[in-house]
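S.K.: Quick one: structure below, then a few questions.
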């Protein structure tokens, strides 16, 4: 008899987290998501938020980036398939980017060293136009 993997089952908490991320837009940490859900009246534990986000990331439902503090942040992306992110260090605004030059470079470097089945993550961090203009005033 086949049973569903416990991390994949649809729970009230998983649904709440998924709906939050569908409308959030930018990357959010587990603590930020937890706080927002609690403020909205959802009773969900922080440990549950962490476990659910990890499961969603492993399943390809959300993308993950590291914050400047080294914490994971999560986002439900609109672009399917492999892509990268340009993330504002100040406000968190995020742009999904396709980077053919990065893909070509990664394939070339892997081939030069005899590697196959290579994966990579590239995220670019900077200041968006609005935050950049604010910081120069």
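S.K.: Quick check, is residue 85 surrounded by 11 or more Cβ atoms within 10 Å (Cβ to Cβ), more than 22 Å from residue 32 (Cβ to Cβ) and under 18 Å from the mean Cα position of the chain (by Cα)? So that I can check it myself, show each step before the final result.
M.R.: On the way: surrounded by 11 or more Cβ atoms within 10 Å (Cβ to Cβ): yes; more than 22 Å from residue 32 (Cβ to Cβ): no; under 18 Å from the mean Cα position of the chain (by Cα): yes.
So residue 85 does not fit the description; no.
S.K.: A further question on this structure: Assigned by TED's automatic domain parsing to the domain that holds residue 21 and out of contact with any helix residue (DSSP H, G or I) (no Cβ under 7 Å at 6 or more places or on another chain), is that true of residue 94? So that I can check it myself, show each step before the final result.
M.R.: Details: assigned by TED's automatic domain parsing to the domain that holds residue 21: no; out of contact with any helix residue (DSSP H, G or I) (no Cβ under 7 Å at 6 or more places or on another chain): yes.
When the stated conditions are applied, residue 94 does not pass them.
S.K.: When you check residue 64 against the structure, is it at pLDDT 85 or above and within 17 Å of the chain's Cα centre (by Cα), yes or no?
M.R.: yes
S.K.: Just give me the residues in the stretch 105-129 being modelled with pLDDT of 85 or more and exposed (fewer than 12 other Cβ atoms within 10 Å of the Cβ), in sequence order.
M.R.: Listed by number, the residues that qualify are 108, 111, 112, 113, 114, 115, 116, 117, 118, 119, 126, 129.
S.K.: Residue 46: free of Cβ contacts under 8 Å to residues at least 40 places away in the same chain, surrounded by 18 or more Cβ atoms within 10 Å (Cβ to Cβ) and not assigned by TED's automatic domain parsing to the domain that holds residue 130, yes or no?
M.R.: Numbers: free of Cβ contacts under 8 Å to residues at least 40 places away in the same chain: yes; surrounded by 18 or more Cβ atoms within 10 Å (Cβ to Cβ): no; not assigned by TED's automatic domain parsing to the domain that holds residue 130: yes.
So residue 46 does not fit the description; no.
S.K.: Residue 102 is checked against (1) surrounded by 14 or more Cβ atoms within 10 Å (Cβ to Cβ); (2) in contact with a strand residue (DSSP E or B) (Cβ under 6 Å, 6 or more places away or on another chain); (3) modelled with pLDDT under 90 and fails just one. What number does that condition carry?
M.R.: (2)
S.K.: Output the residues belonging to the stretch 10-38 that are surrounded by fewer than 18 Cβ atoms within 10 Å (Cβ to Cβ) and in contact with a helix residue (DSSP H, G or I) (Cβ under 6 Å, 6 or more places away or on another chain).
M.R.: 13
S.K.: Here's a follow-up. Quick test for you: out of 55, 80, 135, pick the one residue that is touching a residue at least 24 places away in the same chain (Cβ under 8 Å), loosely packed, with under 11 Cβ neighbours inside 10 Å and either within 21 Å of the chain's Cα centre (by Cα) or more than 29 Å from residue 14 (Cα to Cα) (or both).
M.R.: Values: 55 fails: loosely packed, with under 11 Cβ neighbours inside 10 Å; 80 fails: touching a residue at least 24 places away in the same chain (Cβ under 8 Å).
The conditions single out 135.
S.K.: Next up: Given the conditions (1) modelled with pLDDT of 90 or more; (2) part of a helix (DSSP H, G or I); (3) exposed (fewer than 13 other Cβ atoms within 10 Å of the Cβ), report the number of the one that residue 41 does not fulfil.
M.R.: Of (1) modelled with pLDDT of 90 or more; (2) part of a helix (DSSP H, G or I); (3) exposed (fewer than 13 other Cβ atoms within 10 Å of the Cβ), only one is false for residue 41: (2).
The values are calculated or read from the model by the stated rules, or taken from the named source; none is laboratory data. Owing to the predicted nature of the structure, the values given are computational and were not obtained by experimental measurement. Quick reminder, even Gly has a Cβ in these numbers, built from the backbone with ideal geometry, and neighbours come from all protein chains shown.
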